[in-house]
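Take a look at the structure set out below.
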Amino acid sequence: MVRLLVLPLLAGLVPLLAAPGAAHAAAGCSGRPAKTVEFATGELRVYKSRSQACAVTVAKKPGKRRTMSVTLQARGGRAVTDKGSYTKMAGPVTVSALNRCVRATGAIGKKSASTGWILC
């Protein structure tokens, strides 16, 4: 009888416990937020896990399809880019960044932002 009462109660708590992680899922990258750079039409977000860096460009006003891009490069490595016509977000792009600096650039339309070398 007690099990029958506890299970629905626990099932109701699962969505509440998952809510803080929803911000990472919405951004498309795993790891902790490392840097956010705002610009006129959106923001560039960089995330860092133990061995990887990830970046996305997110529009301030989603909805209208427009050119967006995000580029991420680890020092000494090739740049990884996602560029296209999107409504909300470009990316995610991921590079191996174990003990390496990275730099990211994001653009929406003609406006852009860059991080310079970070996570060194």
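The values are calculated or read from the model by the stated rules, or taken from the named source; none is laboratory data. Because the structure is predicted, anything quoted here is derived from the model rather than measured. We place every Cβ from the backbone using ideal geometry, glycine too, and count neighbours over all the protein chains shown. Protein only, heavy atoms only, side chains kept; ligands, DNA and RNA dropped before computing areas. Shrake-Rupley method; radii C 1.70, N 1.55, O 1.52, S 1.80 Å.
The order of 38, 43 by accessible area, most exposed first and with a 1.4 Å probe, is 38, 43. For residue 58, the shell of other residues with beta-carbons less than 11 Å away shows a net charge of +2, using +1 for Lys and Arg and -1 for Asp and Glu.
Would you mind getting me the FRET efficiency between residue 87 and residue 120? Use the beta-carbon distance for r and R0 = 25 Å, nearest 0.05.
On the way: r = 34 Å, r/R0 = 1.37.
Efficiency, from the Cβ-Cβ distance: 0.15.
Other residues whose C-beta falls under 12 angstrom from the C-beta of residue 33 contribute a net charge of +3, scoring Lys and Arg +1 and Asp and Glu -1.
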